Structures are given as C-alpha cells and as structure tokens.
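Chemist: Here it is: the structure, laid out below.
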Amino acid sequence: MPESNEKLDNRVLEAARNGTELRLADATDFEWDQAGFITEGTPAAEIESAFGEAITREMRYTASPVLFVFLNDGKVSKAVRITPDAFSGSDAKKKYGRDVSLVPVEGRSGYLSWRE
C-alpha cells in the first residue's frame, strides 16, 4: 500500500531544509480528514493499532525513514513514503486533523513537528 508522492516529499524536504512551516493540506492534492505518521522500524502491529489497518506485510516498516498515513472517513486512503528523516518519534502514531502543520523545531535545524 505505501506509495511515492514526489510533490509531497519535495515539499516536506523543502520545509525541513529551509526551516519553514508547511500546512499539510496545502501540500496534498487528494481527500483526507486525518493524517499521521510512523517512523522506520515501527512494528506492523503498532501501525495497525494506531491507524486501524495493516499497511505493511513486513514485521516492521522499513521502506523509508517516515511513512505519512492519510485517512478519510476513518479508513486509510493513502500511505506515502517520505524520505527526509526530520520527525520526532514522540509525534508518531497519532492522528491529526486537516489543520495540521509541519513546523520547525526551535534550535534543531532540519527537524519538523506536527502541530494543530
């Protein structure tokens, strides 16, 4: 189920590199009402528990540093591989609404936090 989305990946990379805020809804061109992410190495059972569906057939997610998970009406609509390793695991496995932004972490160049 995980897929690539060059536009989204590039926008996330740009925000991390430049230390700018990115409203996630502005970087996507598909329907979703909640989003979250997991980091590389997250066990499949934890992913399913957090998002309600199996997203990987492997025991752990290992296809990219980060996987953004988008839901629409409570069901996973997209899972997008993200290449920048710019996120804290403390923000992972949570669901955020459409108003979520990826914001620079003060004092940590190249890192972004999920904030509503």
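Chemist: For the range 48-116, please list each of the strands (runs of 3 or more DSSP E) lying entirely inside it that holds at least 1 residues being exposed (fewer than 13 other Cβ atoms within 10 Å of the Cβ).
Modeler: In the range 48-116, 75-82, 112-115 are the strands (runs of 3 or more DSSP E) which contain 1 or more residues that are exposed (fewer than 13 other Cβ atoms within 10 Å of the Cβ).
Chemist: Inspect the range 32-42 for any residue being buried (at least 19 other Cβ atoms within 10 Å of the Cβ) and part of a loop (DSSP other than H, G, I, E, B) and give the result as yes or no.
Modeler: Yes: one or more hits.
Chemist: What is the number of the single condition among (1) modelled with pLDDT of 95 or more; (2) under 13 Å from the mean Cα position of the chain (by Cα); (3) among the acidic types (Asp, Glu) that residue 85 does not meet?
Modeler: Of the numbered conditions (1) modelled with pLDDT of 95 or more; (2) under 13 Å from the mean Cα position of the chain (by Cα); (3) among the acidic types (Asp, Glu), the odd one out for residue 85 is (1).
Chemist: Looking only at the range 1-31, filter to residues that are free of Cβ contacts under 8 Å to residues at least 40 places away in the same chain and not in a loop (DSSP other than H, G, I, E, B); which one of those is farthest from the chain's Cα centre (by Cα)?
Modeler: Of everything passing the filter in the range 1-31, 18 is farthest from the chain's Cα centre (by Cα).
The values are calculated or read from the model by the stated rules, or taken from the named source; none is laboratory data. Small disclaimer: the values here were computed from a predicted structure and weren't measured. Backbone-built Cβ (ideal geometry, glycine too); neighbour counts: all protein chains shown.
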